[in-house]
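To start, the structure itself, in structure tokens.
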2 protein chains.
Amino acid sequence: MPERKRLTLKDLAAEINVHYSTVSRVMNPATRHLVADDVAARILEVAEARGFRPNRIAAGLRTQRSGLVGVVLPDIANPVFPPILAGIEAVLAQQGYVPIVVNAGLDKVRQRFVIDQLVGRQVEGLLLATAEREDPILDYCLKQRIPAVMINRGEDAGRASCVVSDNLLAMRLTVDHLVALGHRRIGHIAGPAALSTGYQRREGFLQAVRRHRLRREAWQVVEADSYSREAGRQACARLFADFPGMTAIAAGNDLIAMGCYDYLREHGLCCPADISVVGHNDMPFVDALTPPLTTVRIPVHQMGEDAARLLLQQIGAPASPPVTVELVPELIVRGSTAPPPAPH
Amino acid sequence: MPERKRLTLKDLAAEINVHYSTVSRVMNPATRHLVADDVAARILEVAEARGFRPNRIAAGLRTQRSGLVGVVLPDIANPVFPPILAGIEAVLAQQGYVPIVVNAGLDKVRQRFVIDQLVGRQVEGLLLATAEREDPILDYCLKQRIPAVMINRGEDAGRASCVVSDNLLAMRLTVDHLVALGHRRIGHIAGPAALSTGYQRREGFLQAVRRHRLRREAWQVVEADSYSREAGRQACARLFADFPGMTAIAAGNDLIAMGCYDYLREHGLCCPADISVVGHNDMPFVDALTPPLTTVRIPVHQMGEDAARLLLQQIGAPASPPVTVELVPELIVRGSTAPPPAPH
DNA sequence: CTGAAAGCGCTTACAG
DNA sequence: CTGAAAGCGCTTACAG
């Protein structure tokens, strides 16, 4: 017959006739050597047989370490996040930590609420994928001395560690590719300027365009309201209105690129014959679109791993100075880019 | 200057000159009325000012309720899960619960390990999206009396609650649609038979085919090794080899359907002109494929909500009998289905 | 090498 | 209405 209640150290100790502190020492590999081999073996055996699993929460209360890390996402439905999560989980698990992931949305008030929940649950640190360039949430974490590292998006002041992709390089690769194909009228749909990714990719676009000495009439930038397919579609419409004769679009991310696809289809334009499109992120399945999307691959899994590692370091040494890890992106050329249509 | 350590009830009580049990009563809305209004107001005010958040872990230790629920996923990279997670999170949050989601993979040994971790962290119940028709993990939960409800996939014995979609109906809708278009040679790529979804959808396919009195030569089934794009591509190849003249494929899920797209493209076949394809799940962005995928939409968000609700109920009343909630799916007709090519 | 004790931060019967 | 006390399940100095 299965037991009704969960076993405790005391239950087990009573069964074996030792003090429960001895059982405690045996259950923890680090203190196991303090106990005589034969009694340790017996305790382990009974623990195994009875399926005893020490209460990590009680232990955490005593040791002041919950083994919990909060992961704050702006939008779990964005397919970039699953691989990042996988990377986070992998390194946390190695250290006996477990992530609590929450979908915090875009609203700072709600984010703050959600973080308070996490802090109330004694998370030892926070992984923030929600940061803006000036982020009140990060101010809050800093003030409360909650270890936090930002993922993918950084803040301007650089007061906390973050793991990002090299957005300037990414846009250089993008524009180089487009120019090499012969494009001379290139539009950029930037992500929100309040986000470091939106801001830096736009900067990268501008730098790249200057490097190629393109005249002011040769490029144009519009900003999407958000990183979403629908916002991409709308921004694409504005871009066409502002910038007739455009032959290529560098989209702020893949969702925006998908919005461009939607717009093009609705307006009977053919990609890449009429217009080339480049995305950003290489999120899952964009290779299955028609045409397969040329995009910038960012090392998402590693991004998660590195961020988790940095956070664990910071939890271990709270005073350590912030570090920024910049990962190297890669242009993945697929079918959505081609030479511009011949002028007639 | 920010405080170094987290505040406790005692810290706050000392500051206000009341007993800490009084502070405790005020912090909990349910017991607040036991305290005089004026002192309650004062305590609340100071708590707010100092940013005090009671330690939920300590409270949980005392009350034997962690407020934690484990969510066990086979593969977080599958885009069906984010919306399910969103549904789960929404209802859990209402009740002050928080999910811990883990990516447990397909291996039962690893799943067991992961669940032990969760149990050690005192989760009050488990939401399993990993169930097979005969699932050792579920045996384990039942034996340990861990409240558990299955999502999307059920077990044959029906010993635990689950929330699924009506797979028989789904396949009936699929086959009806294909037959109505004029198809008379229809293949099905089933998901793994060890999973209830794979098994039931295949059953549904067989029932539907019989209802239409299709002769044995008019249909064919092959089984994919897993619910993945690559397994779908391989199974598609086998299906074409086994079943020449096929004009339509009912895929076990959208990932498998994407594998079919891959196969068709590689072999110069055109969908839907040469062959129609129907998916299952309506996962995000399959409307952006070319052609947009005709598929069965399952109410994923609601699936998450219902499962979380059932689990909460079961946590509240552990003895209650298992219930199966069957949600109604809907066929979403898009561009991947059309009448079969005219015979020549 | 093992035991006895204190204490992590709470909740909640029990007094008063 | 408020306080004092016990106890949730652990860990870990401190004795012996």
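List of remarks:
- Convex hull volume per residue in cubic angstrom - Cα atoms of the protein assembly as shown: 191 Å³
- Length-normalised contact order of chain A in % [C-alpha pairs under 8 Å, at least 6 apart]: 17 percent
- Scaled against 2.2 N^0.38 Å for its residue count N, the alpha carbon radius of gyration of chain B is 1.27.
- Around B:VAL119: net Lys/Arg minus Asp/Glu count, Cβ-Cβ under 9 Å: +2
- Around the amide H of A:CYS162, modelled in the peptide plane, lie the amide H atoms of A:MET150, A:VAL323, A:THR324, A:VAL325, all under 5 Å away and 5 or more residues distant in sequence or on another chain.
- Solvent exposure ordering (accessible area, 1.4 Å, most first) of B:HIS212, B:HIS183: B:HIS212, B:HIS183
- Computed from phi, the 3J(HN,Hα) profile of segment B:72-81 under the Karplus parametrisation 6.51, -1.76, 1.60 (θ = phi - 60°) reads 10, 10, x, 6, 5, 6, 6, x, 5, 6 Hz, with x in place of Gly and Pro.
- With at most 10 neighbouring Cβ atoms within 10 Å, loop trypsin sites (Lys or Arg not before Pro) (DSSP) excluded, longest segment of chain A: A:6-212
- Averaged over the residues of A:94-106, the number of partner chain Cβ atoms lying within 10 Å of the residue Cβ comes to 3.
- Debye intensity ratio in log₁₀ form over the Cα atoms of segment A:167-298, taken at each q of 0.09, 0.12, 0.14, 0.19 Å⁻¹: -0.20, -0.37, -0.51, -1.00
- Within the protein assembly as shown: Cβ-based charge dipole about Cα centre, in debye rounded to nearest 20 (Lys, Arg +1; Asp, Glu -1): 860 debye
- Estimated Rh, segment B:9-54: Kirkwood, alpha-carbon pairs, angstrom: 10.1 Å
- The 1.4 Å probe gives accessible areas that order B:ASP38, A:ASP274, largest first, as B:ASP38, A:ASP274.
- Residue pairs exceeding 28 angstrom between C-alpha atoms, taken from A:LYS108/B:LYS5; A:LYS5/B:LYS5; A:LYS10/B:LYS108; A:LYS5/B:LYS10; A:LYS108/B:LYS10: A:LYS5/B:LYS5; A:LYS10/B:LYS108; A:LYS5/B:LYS10; A:LYS108/B:LYS10.
- Carbon/sulfur fraction of accessible area - the protein assembly as shown, other protein chains in place, 1.4 Å, %: 53 percent
- Longest site-free stretch - chain A; sites: GluC sites (Glu not before Pro), DSSP loop, at most 16 other Cβ within 10 Å: A:135-344
- Solvent-accessible area buried by B and A, counting both chains, probe 1.4 angstrom, square angstrom: 4900 Å²
- Solvent exposure of segment B:76-142 amounts to 32 Å² per residue of accessible area, where only protein heavy atoms count and the probe is 1.4 Å.
The values are calculated or read from the model by the stated rules, or taken from the named source; none is laboratory data. All values derive from a computational prediction rather than experimental measurement. Positions of Cβ are backbone-derived with ideal geometry, glycine not excepted, and every protein chain shown enters the neighbour counts. In case anyone asks, the SASA skips ligands and DNA or RNA and just uses the protein heavy atoms, side chains included. Shrake-Rupley method; radii C 1.70, N 1.55, O 1.52, S 1.80 Å.
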